[in-house]
Amino acid sequence: MDMNGTKMLVVAAHPGDVLWRCSGAIAKHVKLGGIVDVVVLTYGTGGEANELFRAGYTVEQAREQRMKDFTKSAEILGISRFEFWDLQDYRFEITQEKIYRMVKFMRESRPDLILTHWDKDLFNPDHGTVFPYVNASLEAATGQGIFVDGTEPIERAPIFCFEPHASEANDFKPNLFVDITDVIGIKKAAMATFERKAKLAEGYVNRAGYRAVNAGSFGRKGCLYAEAYAAVYPIAQDGYFVY
């Protein structure tokens with residue numbers, strides 16, 4: 001399958017969310033000729049950087065370390081463009097100003113598909129807030145009567161929600177498994193840039209193995225590693241996100 005410049009937009013609450021939850025799909029998309037833009041809404045200092053604070057980092061040092069780590073991982077994954085927005089971690093709230101900021105980015109990026117959070121996460125309130133934020137922003141980005149800095153409206157793009165940390169507790173029901181067997185080495189290398197989270201990275205490799213079993217049950221023979229997603233809208237296209 002050839003992506004021929006197909007644009008994927010990833011919107012995540014924290015830097016690590018990109019690596020744990022969808023870096024395999026990102027690497028796969030790039031390998032097939034696609035383009036990936038990423039928006040990381042916060043630096044993750046509210047909870048994702050706990051191990052840095054235990055090691056004596058200041059908030060500013062933790063922010064710098066996360067930027068350094070993610071920049072390295074973005075190079076490994078082949079991400080074309082990424083932005084850190086420095087919004088308030090663990091107190092993320094949807095406002096009209098934030099929606100219009102995302103509208104502008106979406107209209108500049110012009111994505112063919114969007115990856116973001118599931119709409120529920122008991123362990124991180126920001127995750128559950130990001131989905132309605134992205135969905136509302138996409139709706140506004142398609143509006144002919146929404147005027148933001150001279151940008152032009154876009155067509156609606158399908159949204160795929162990546163897996164939360166504790167799927168069963170958060171009612172996550174995947175209906176798409178992306179085979180990442182051929183890019184699992186890239187996913188591992190990207191996750192390894194967060195050096196103090198080796199155990200968490202190992203857990204997500206194990207999860208990819210478990211999801212491969214699910215993928216095999218639904219017909220993807222020979223799959224050794226997979227990522228799970230939930231398609232928000234019915235698929236009315238040619239199914240290019242199903243590998």
*What's the number of the condition Gly44 fails, among (1) within 23 Å of Ala228 (Cβ to Cβ); (2) part of a helix (DSSP H, G or I)?*
(2)
*Would you mind telling me which numbered condition in (1) more than 18 Å from the chain's Cα centre (by Cα); (2) open to solvent by 20 Å² or more (accessible area, probe 1.4 Å); (3) on the phi < 0 side of the Ramachandran plot Ala62 fails?*
(2)
*asked:* Is it the case, given these coordinates, that Arg101 is of a type in the set (Lys, Arg) and over 19 Å from Gly46 (Cβ atoms)?
replied: yes
_Looking at Asp69 and the list (1) open to solvent by 70 Å² or more (accessible area, probe 1.4 Å); (2) touching a helix residue (DSSP H, G or I) at 6+ places or on another chain (Cβ under 9 Å), which single condition is not satisfied?_
(1)
*Cβ pairs under 6 Å, 6+ apart, first in region 56-73 and of a type in the set (Gly, Ala, Ser), second part of a helix (DSSP H, G or I)*: Ala62/Leu52; Ser73/Leu19; Ser73/Ala190
*Asn50 vs. criteria farther than 26 Å from Lys120 by Cα and open to solvent by 30 Å² or more (accessible area, probe 1.4 Å)*: no
*Conditions: (1) assigned to a helix (DSSP H, G or I); (2) in contact with a Lys or Arg (Cβ under 9 Å, 6 or more places away or on another chain). Lys98 meets all but one. Number of the miss?*
(2)
_Boolean, Phe92 is of a type in the set (Phe, Trp, Tyr), touching a residue at least 60 places away in the same chain (Cβ under 8 Å) and part of a loop (DSSP other than H, G, I, E, B)_ = yes
*Would you pick out the residues in region 72-110 that are within 15 Å of the chain's Cα centre (by Cα) and open to solvent by 10 Å² or more (accessible area, probe 1.4 Å)?*
Gly78, Ile79, Ser80, Arg81, Phe82, Glu83, Phe84, Trp85
*Does region 1-24 include one or more residues that are touching a helix residue (DSSP H, G or I) at 6+ places or on another chain (Cβ under 7 Å), more than 21 Å from Ala228 (Cβ to Cβ), in contact (Cβ under 8 Å) with a residue 60 or more places away in the chain and buried (at least 18 other Cβ atoms within 10 Å of the Cβ)?*
yes
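The values are calculated or read from the model by the stated rules, or taken from the named source; none is laboratory data. In this text the structure is predicted, and so the values were computed from the model without any measurement. Neighbour counts run over all protein chains shown; Cβ positions are idealised from the backbone, glycine included. These area figures cover heavy atoms from the full protein model, side chains too; ligands, DNA and RNA do not enter into them. Shrake-Rupley method; radii C 1.70, N 1.55, O 1.52, S 1.80 Å.
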